[in-house]
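This report refers to the structure that appears directly beneath it.
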Amino acid sequence: MIAAAVISMGLIALPIMLRYGYNRSIAMGTITASGTLAQALPPSLVLIVLADQLGRSVGDMYSAALLPGLLLVGVYVLFIVAVALVRPRWVPALPPEALIYKEANGSSGHLSLLVLVAVCAAAGLGWSQFHDGLVGGWLQRETAAPADEVFISSLTVASLFGLVLALANRVTGASLLSKLAEQVTFVMIPPLVLIFLVLGTIFLGVATPTEGGAMGAVGALVMAGARGKINFDLLKQALNTTATLSCFVVFILIAATIFSFTFNAADGHLWVESLFHGLPGGEIGFLLVVNLLVFVLGMFLDFFEIAFIVIPMLAPVAEKMGIDLIWFGIIIALNLQTSFLTPPFGFALFFLRSVAAKKDYDDRVTGKRIPAVTTEQIYKGSIAFILLQVLVVALVVAFPGLTSPGAEDKVMLDEAEVMKVFENQSSGADDGDLMQGLEPPPASGAEDPTRDVLDAIKAD
């Protein structure tokens with residue numbers, strides 16, 4: 001995933017940025033950092049594998065990753081905006097002659113695009129107000145819809161609304177949208193709609209992650225066929241690549257399983273547990289050491305090796321320490337993003353190095369001589385984005401509610417009280433007495449679901 005994103009952007013975007021004088025460090029860092037975003041943003045294979053290794057729901061993992069992933073994107077955008085304001089020469093605007101789509105009056109068409117975005121945003125916001133009633137009635141659900149479900153559904157509706165407007169504008173020839181707005185809509189909206197539909201069906205519970213992935217594959221085939229881009233050779237290449245990757249993952253899984261059985265037979269899991277339990281700092285100390293370990297391993301190993309070998313050793317320890325495994329998984333996913341950018345062994349840096357110009361060349365548009373891209377420039381460009389990712393990881397560690405709302409207010413039971421209950425049970429105490437001492441502390445809100453359950457048990 002990282003290879004495809006970084007190499008594609010390196011071939012498409014990097015020559016344009018070099019052509020028009022973008023700061024090389026900013027250009028390299030933007031491409032490598034954005035290419036790693038697939039690690040923690042749904043729909044992500046990384047999150048699926050982590051959910052399997054941690055024994056948690058893929059839907060829950062996707063839901064938990066949504067806000068941290070968007071937070072990371074927002075931090076990147078704010079950084080680029082700040083650079084544009086403080087050092088405008090580093091990220092100059094494209095000259096007028098570089099604009100491909102222009103209107104008859106010479107305007108760029110950006111105003112029409114902004115109006116279309118505003119109209120689509122209004123449509124999505126309107127849907128969010130009625131989502132609960134419409135979807136809740138369809139699914140016969142009495143509880144309120146989760147915020148992530150409403151968010152994804154609203155984005156889907158907004159994207160579909162924009163696509164319908166662009167299609168109507170082209171069919172009727174109304175010329176209400178600029179050429180730029182139409183092109184952006186027809187290029188970007190169909191893949192976004194496909195992604196949102198896959199996520200939406202998973203969040204709604206209509207489809208499992210496997211079924212959602214199948215829907216995405218069929219949708220991609222339909223889109224390629226509609227554009228006339230699919231042929232037998234391309235289909236054969238896609239099938240060969242899929243089979244190769246599947247075999248690659250399965251053999252890693254087999255080897256990792258053999259290693260895990262051997263490791264556990266030698267009581268290695270007990271050694272790991274005692275090692276981490278002896279760390280100072282409790283949960284925070286454990287998370288610091290684990291993040292450092294995964295950070296370093298990510299420089300040398302691919303994600304699958306870490307997920308199938310390292311995570312199964314760490315997850316039981318994290319669970320025994322009372323750490324929410326969904327939260328733990330999101331931290332690991334964000335950490336791996338950082339490690340893939342770290343010089344000198346970050347995989348994303350190598351991928352960009354493989355496609356960036358190694359020798360000086362003449363630009364085919366401007367005719368200017370463009371100097372080669374050096375490895376030092378690629379490494380230097382990643383530093384700022386590594387710091388931004390570390391900042392986001394620190395925020396997720398400091399505020400677990402970013403991944404699991406209410407994680408800070410978990411009901412904790414006293415171990416001594418639990419043992420007292422078991423002793424009372426062995427002595428034949430009645431059910432009402434058994435519940436004494438297990439009542440959680442009062443909830444901060446007006447209602448306490450746990451107390452309601454305990455009261456109901458006592459009443460019976």
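None of the figures in this text is laboratory data; all of them are computed from the coordinates on show. The model shown is predicted, which means the values in this text are computed figures rather than measured ones. All Cβ positions, glycine included, derive from the backbone under ideal geometry; neighbour counts span all protein chains shown.
Tabulated data for the structure shown
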item: Angle in degrees between helix 325-339 and the longest Cα principal axis of the chain, rounded to the nearest 10; result: 40
item: Using a Förster distance of 41 Å, the FRET efficiency for ARG19-LEU125 (Cβ separation, nearest 0.05); result: 0.60
item: Value at 222 nm in deg cm²/dmol, rounded to 500, when DSSP H runs of n ≥ 4 in the chain each add -39,500 (n - 2.57); result: -23000 deg cm²/dmol
item: For the stretch 202-294: rounded, prolate or oblate by the Cα gyration tensor [a/c cutoff 1.5]; result: prolate
item: Principal axis dimensions, the stretch 139-295 - Cα atoms, whole angstrom, descending; result: 72, 45, 36
item: Helix axis angle, 179-204 relative to the chain longest principal axis, alpha carbon, degrees; result: 10
item: 3J(HN,Hα) from dihedral phi, the stretch 375-387, Karplus parametrisation 6.51/-1.76/1.60, rounded to Hz, x for glycine, proline; result: 4, 4, 5, 5, 5, 4, x, 7, 4, 4, 6, 4, 4
item: Length gained when the stretch ILE284-ALA238 is fully extended (0.36 nm per residue, less Cα-Cα span); result: 12.2 nm
item: Spin-label proximity, VAL117 to the stretch 10-44 - amide N less than 19 Å from point 7 Å beyond Cα toward beta carbon; result: 34
item: Dimensionless Rg ratio for the stretch 242-333, taking C-alpha atoms and the 2.2 N^0.38 Å reference; result: 1.15
item: Inter-label distance, nm, simple model (7 Å from Cα along the C-beta direction), ILE80/PHE263; result: 3.8
item: Residues whose placed amide H lies under 5 Å from that of ILE370, excluding near-sequence neighbours; result: TYR361, ASP362, ASP363
item: Answer label, with P(r) over Cα pairs in 20 Å bins from 0, in percent calculated from the coordinates and candidates [x] 23, 45, 15, 8, 7, 2; [y] 18, 51, 26, 5, 0; [z] 22, 45, 22, 9, 1, 0; result: [y]
item: Under 12 Å, Cβ to Cβ, from ARG141 - net charge with Lys/Arg +1 and Asp/Glu -1; result: -3
item: Qualifying GluC sites (Glu not before Pro) for the stretch 140-218 [loop in DSSP, other Cβ within 10 Å: at most 15]; result: GLU142
item: Cα gyration tensor, the stretch 1-120 - rounded (a/c under 1.5), prolate or oblate; result: prolate
item: In degrees, nearest ten, helix 209-226 long axis to first principal axis of the chain (Cα); result: 10
item: Karplus-derived 3J(HN,Hα), 6.51/-1.76/1.60, for each residue of the stretch 121-130, Hz, glycine and proline x; result: 4, 5, 5, x, 5, x, 5, 4, 6, 10
item: Within the stretch 89-187, chymotrypsin sites (Phe, Trp or Tyr not before Pro) in DSSP loop having at most 16 other beta-carbon neighbours inside 10 Å; result: TRP90, TYR101
item: Karplus-derived HN-Hα couplings along the stretch 292-305 (A = 6.51, B = -1.76, C = 1.60, θ = phi - 60°), whole Hz, x at Gly and Pro; result: 5, 5, 5, 4, 6, 4, x, 6, 10, 10, 6, 4, 4, 4
item: Cα shape, the stretch 102-230, gyration tensor, a/c 1.5 rule; result: oblate
item: Burial order of peptide ranges 49-57, 114-122, 28-36 (average beta-carbon count within 10 Å, highest first); result: 28-36, 49-57, 114-122
